[in-house]
Amino acid sequence: TLEETATHPKMADAKVLLNHPTGGMKVPHFDAKNRSHAFFKGLPVTFLYTSCFVENFTSFFSLNQQADGSYQFTLPLGDGPIAWTILEDVGKMTAGIFERPGMIGETVGSASLHCSAAQLAAHISKATNKTVTYQCVPWKTFAAFGFPGADELAQMFKFFTDNQAEFLAIRDLKRCQELGGPLGDPVTTFKALSLKYAPYSPPPASLSRVGVLGATGQQGGAVVRALIAKGVSIVAITRDPSSEKAKVLAGLPKVEVRKADLDDQRSLEAAFSGCDGAFVVANFWEGMDPNKEMKQYENCANALKSVSGMKHIVMSTLEETATHPKMADAKVLLNH
């Protein structure tokens, strides 16, 4: 099992990720377990609090190759220690609990080592004979990476780091060793694991700042997250900088939020000023007016022509259908 996070005072600035009949959940895979304790009332139960498994480096966490051939993993874990567990040790501790009926009704934590992410990187380096380093990012930046589960993992790591003393205390290594015997060696464990490696992905063509239209929308939001992950500075362009999504973007490193309207060329010129890259997208479905959409793209193009130093523009677009031979039997929906 794991701790309850939603009501913890140090999670006040984390958002509710799941509305639930038992109350909002901030780290659902923690909160669901902890709230399930009530189902075991009256049973001869011991609650075993787990921690972050080193085996996650075979699936959730990847070692990303860098330009110099070294490897790096990126997590929002700060500089201090957290509890890490080797799966085999959980098994041995559980067996030890079964040998101690006096532990019925107790809560105990499991861990194999307490170390920082940088120290864990050193263990992986020793095990793999590769140079592995740790890159720290703020938890809100990690949440903005956008892959499935990113926001939940980010808030889980926030819980680890903001409650470090409390989290480590319940996962006392001396007690873990009493229950399960000698704890596993991380270097030996990493040597035996099939770690997840990601090949080197070169950054965009030397772009220093990319203006992204629709930064709070679906396409633009995905572009922002991908460029943040590559360390590119972003100008997030939106009609409403006061929106909640825009405020989240404004709180991220290397992101500046600027206001512009696709119907106002001058506002677009100001928004793209200082950018050497641009992602351009309009929203046809908002008004379902192709004339308006074309005018918006024209405004964008004219605005970008005025931006000195513009190196690369990506326009989100689609095919022409009216003149395609296989659309001969489709009717004309708009005379233009």
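Summary table
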{"read-out": "Extension gain from SER59 to LYS191, taking 0.36 nm per residue of separation minus the Cα-Cα distance", "value": "46.0 nm"}
{"read-out": "Accessible surface, 1.4 Å probe, highest first, among residues SER201, SER70", "value": "SER201, SER70"}
{"read-out": "Residues GLU88 and ASN129, FRET efficiency given R0 of 22 Å [Cβ-Cβ distance, rounded to 0.05]", "value": "0.45"}
{"read-out": "Relative contact order [Cα under 8 Å, 6+ residues apart], the chain, whole percent", "value": "14 percent"}
{"read-out": "Contact order relative to length of the stretch 155-308, as percent, for alpha carbon pairs under 8 angstrom and 6 or more apart", "value": "19 percent"}
{"read-out": "Most to least accessible of THR58, THR7 (protein chains only, probe 1.4 Å)", "value": "THR7, THR58"}
{"read-out": "Listed pairs LYS10/LYS191; LYS292/LYS326; LYS196/LYS311; LYS15/LYS259 exceeding 30 Å between Cα atoms", "value": "LYS10/LYS191; LYS196/LYS311"}
{"read-out": "Heavy-atom surface of the stretch 148-199, accessible at 1.4 Å and reported per residue (Å²)", "value": "48 Å²"}
{"read-out": "Cross-link table LYS158/LYS247; LYS230/LYS254; LYS295/LYS331, entries beyond 21 Å C-alpha to C-alpha", "value": "LYS295/LYS331"}
{"read-out": "Zone residues, the stretch 264-299, relative to VAL332, backbone N less than 14 Å from point 7 Å out along Cα-to-Cβ", "value": "none"}
{"read-out": "Relative contact order of the stretch 223-321, defined on C-alpha pairs under 8 angstrom at six or more residues apart (%)", "value": "24 percent"}
{"read-out": "Accessible area of ARG225 in the full protein assembly, 1.4 Å probe (Å², nearest 10)", "value": "80 Å²"}
{"read-out": "Label point 7 Å beyond Cα of LYS230 along Cβ direction - residues of the stretch 280-317 with amide nitrogen under 14 Å", "value": "280, 311-315"}
{"read-out": "Unit charges at the beta carbon, dipole of the chain: most positive-side option, PHE147, ALA165, VAL235", "value": "ALA165"}
{"read-out": "Cα principal axis extents for the chain, largest first, Å", "value": "82, 50, 43"}
{"read-out": "Accessible area of SER273 in the full protein assembly, 1.4 Å probe (Å², nearest 10)", "value": "60 Å²"}
{"read-out": "ASP289, ASP89, ASP79, ranked by accessible area, largest first (probe 1.4 Å)", "value": "ASP79, ASP289, ASP89"}
{"read-out": "Cα gyration tensor shape of the stretch 155-259, rounded if a/c is under 1.5, else prolate or oblate by comparing a/b with b/c", "value": "oblate"}
{"read-out": "Most mobile listed residue (ALA83, ALA121, ALA12) in the chain, GNM with C-alpha springs under 10 Å", "value": "ALA12"}
{"read-out": "Cβ-Cβ FRET estimate between ARG266 and PHE145, R0 fixed at 45 Å, reported to 0.05", "value": "0.85"}
{"read-out": "Residues in the stretch 1-43 reached by a label modelled at ARG175 [backbone nitrogen below 14 Å; 7 Å Cα→Cβ]", "value": "1-3"}
{"read-out": "Sulfur and carbon atoms: percent of accessible area, the chain [1.4 Å]", "value": "56 percent"}
{"read-out": "Considering only the chain, percent of DSSP beta bridges that pair antiparallel, nearest 5", "value": "15 percent"}
{"read-out": "Estimated distance in nm for a label pair at GLN66 and LYS311, the labels positioned 7 Å out from Cα along Cα-to-Cβ", "value": "2.1 nm"}
{"read-out": "Charged-residue dipole, Cβ positions (Lys, Arg, Asp, Glu), the chain about Cα centre, Debye nearest 20", "value": "280 debye"}
{"read-out": "Residue of GLU55, GLU256, GLU178 that the Gaussian network model of the chain assigns the largest fluctuation, springs spanning Cα pairs under 10 Å", "value": "GLU178"}
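The values are calculated or read from the model by the stated rules, or taken from the named source; none is laboratory data. What you are looking at is a predicted structure, and each value in this text was computed from that prediction instead of being measured. Glycine gets a Cβ as well: all are built from the backbone with ideal geometry, and neighbour counts include every protein chain shown. These accessible areas exclude ligands, DNA and RNA; they are computed on the full protein's heavy atoms, side chains included. Shrake-Rupley method; radii C 1.70, N 1.55, O 1.52, S 1.80 Å.
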